[in-house]
1. Give Phe158, Phe216 a once-over and let me know the one that is within 18 Å of the chain's Cα centre (by Cα) and closer than 26 Å to Ser332 by Cβ.
2. Pick out the one residue from Phe62, Phe79 that is modelled with pLDDT of 95 or more, crowded, with 22+ Cβ neighbours inside 10 Å, among the aromatic types (Phe, Trp, Tyr) and under 22 Å from Pro352 (Cα atoms).
3. Out of Val274, Val288, I need the residue that is among the aliphatic types (A, V, I, L, M), out of contact with any Gly (no Cβ under 6 Å at 6 or more places or on another chain) and closer than 25 Å to Gly238 by Cβ. Which one?
4. What are the residues in segment 159-214 that are within 18 Å of Asn19 (Cβ to Cβ), surrounded by fewer than 19 Cβ atoms within 10 Å (Cβ to Cβ) and of a type in the set (D, E, K, R), if any?
5. Does Ile98 meet the test of being surrounded by 15 or more Cβ atoms within 10 Å (Cβ to Cβ), under 17 Å from Phe62 (Cβ atoms) and not polar (S, T, N, Q)?
6. Pairs only if they're at least six apart or on different chains, beta carbon under 9 angstrom, first in segment 323-348 and free of Cβ contacts under 8 Å to residues at least 12 places away in the same chain, second part of a helix (DSSP H, G or I) and of a type in the set (Lys, Arg); list them, first residue then second.
7. Filter segment 159-170 down to residues that are of a type in the set (S, T, N, Q) and either touching a Ser or Thr at 6+ places or on another chain (Cβ under 8 Å) or in a loop (DSSP other than H, G, I, E, B) (or both), then give me how many there are.
8. Within segment 119-140, identify whether any single residue is in contact (Cβ under 8 Å) with a residue 24 or more places away in the chain, under 26 Å from Ile345 (Cα atoms) and hydrophobic (A, V, I, L, M, F, W, C), and answer yes or no.
Amino acid sequence: MKVLDANLKTKIISHIKDNGPINLSSFMEMCLHDKQFGYYSNSNVIGKNGDFITAPEVSQVFGELIAASIIDNQIKSNFFKANIVDLGPGKGTLISDILSTIKKLKKSNYYLNPILYEKSDILRQIQKIKLKINNCSWIKNINEINELPTYFIANEFFDALPIDQYVSQNGKWYQRSINYKHNNFYFEVGQEIKSQPNTDPKPDGKILEDGLTAKFYIEKICKIILKNSGAIIIIDYGQVDKKFKERNTIQGVLDNKKSPIFENLGFTDLSSWVNFTDIINIIPKGLVYQGPITQKKFLLNLGIKERFENLSINKSPIEKRQLISDFERLISSSFMGQAFKVLIIRSENLPPFLGF
């Protein structure tokens, strides 16, 4: 057992001893964001040497296409100044590629003010080094955003937010709680849910997931967009509700491989699939949405194939093979192309975004 795992495990067990069994969202919050031992207190979590590779880490083309879509919308909306807010920016690769692309586009009359929303102190330090030539600012609270029109980007942000799970028993829904025995964690049936989900609880043992934290963020972001105008681009792995009901999607990843969620605490990334229907259902009046569509379709519509073809000109056979590999990773159904979806929520008076 690793030291970090032992320390975090002891801390969670102590919390359960004092307060009783905890729900899944509390467990995830401690595992991911504990200041001493949480997963995001570790700097080496993203990239080829980390536990998972995000689309921006695969290729700069991903960020280039997102940038082109945003700047197109900014120009059509006649926003000479606007914010661009990266939610959970990881190592800062995506926002770095976006800002580099915007500079190359040379739309000097239009300005995007880069803001990074980051909870991890260590990742914030990495981002500041990577983005030192850019005039970026960092926030820990979304309410700190100024009143300019704002474009939010949430690439693999919502899947990492804590969720709760409910389990059915005897015709009712109960909290799926976490307890421990002999120094090991396990799931048990917790308290009955006061407001029963509108889903048939029979037969026993069904599991529902509730992205309470994701809905909290969506509501807060939508209020800002309603007030100041703008949009949020959500790119994440997930499904719409009709393909999503009664599924247990919580998963752990360690060294780019699946790992049990109760093992290697503080070293294992915990995430779940995003329920896009839940998000769509709470979009307030005054905002409209596009999608969700697959990442494959979105990137192809934005011209990813042509962009990679241009990049391959005059490249060596080895370089061309790498470009093909990167292209396939972004759009192939075997990798990110099918599982990842794109949803854009925007002010109803904004023009539609490219890519749909």
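The values are calculated or read from the model by the stated rules, or taken from the named source; none is laboratory data. Worth saying up front: this structure is predicted, and the values here are computed from it rather than measured. Please note: Cβ atoms are built from the backbone with ideal geometry, for glycine as well, and neighbour counts cover all protein chains shown.
1. Phe158
2. Phe62
3. On the way: Val274 fails: out of contact with any Gly (no Cβ under 6 Å at 6 or more places or on another chain).
Checking each option against the conditions leaves just Val288.
4. Lys181, Glu188
5. Taking the combined requirement at face value, the residue satisfies it.
6. Here the result reads Phe335/Arg329, each pair linking segment 323-348 to a residue that is part of a helix (DSSP H, G or I) and of a type in the set (Lys, Arg).
7. First pass over segment 159-170, keeping only residues of a type in the set (S, T, N, Q): 165, 168-170.
Now restrict to residues that are either touching a Ser or Thr at 6+ places or on another chain (Cβ under 8 Å) or in a loop (DSSP other than H, G, I, E, B) (or both): 170.
Here the count works out to 1.
8. Yes: one or more hits.
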